[in-house]
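Scroll down for the structure; my scribbles are underneath it.
Laboratory data are not the source of any read-out in this text; all were calculated from the coordinates shown. Predicted, not measured: the structure shown is a model, and the values here were computed from it. Cβ sites come from the backbone with ideal geometry, for glycine too, and all protein chains shown count toward neighbours.
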Amino acid sequence: MPAHGDMNQELRRFLELRIDEIKLKAVDGLSVGVSSVLALMTIMAVGAIASAAFAFGLVVLLGELIGSWAAAAFIVGGLFLVLLAVLIFLRKRLFRDLFVKLFISIFYEQ
């Protein structure tokens, strides 16, 4: 039969190992979360630059076709407003649900 001191040492060692496991899981979860956010920000920045370039090209093209660059800029601006309205309308499905799934996968490793 183990001595009482041995049981305390084993229990202490077990608790230390559990704490280390929790710390490692937290670091893993944070690194996955931060890298996902940084990747999303990078993709959004490149997408914004590409959208601006295509919008400018579309304004120039429409301006040449209809004879008014100002009207073309308003048309392209209107298209972006419609896109913004759709994104606002679908924000829960697009963003909240995406992050819920991300955090569930981080914390529950499925």
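Based on the convex hull around the alpha carbon atoms, the chain presents an average projected area of 10.1 nm².
A Cβ-based charge dipole, computed about the Cα centre of the chain with Lys and Arg at +1 and Asp and Glu at -1, lands at about 340 debye. Dipole orientation for the chain: of the candidates Ser68, Phe103, Met7, Ser68 has the Cα lying most toward the positive pole (charges on Cβ; Lys, Arg +1; Asp, Glu -1). Placing unit charges on the Cβ atoms of the charged side chains and taking the dipole of the chain about its Cα centre, the candidate lying farthest along the positive direction among Ala53, Gly78, Leu40 is Gly78. Taking Cα atoms only, the orientation of helix 97-108 departs from the longest principal axis of the chain by about 20 degrees.
Sorting the Cα pairs of the range 15-73 by distance into bins of 5 Å, from 0 upward, gives 4, 17, 11, 11, 8, 8, 8, 7, 6, 5, 5, 4, 3, 2, 1, 0 percent per bin. Using only Cα atoms and rounding to the nearest 10 degrees, what angle (0 to 90) does helix 4-66 make with the longest principal axis of the chain? Roughly 0 degrees, rounded to the nearest 10.
Helix 69-89 axis versus longest C-alpha principal axis of the chain: approximately 30°, rounded to the nearest ten.
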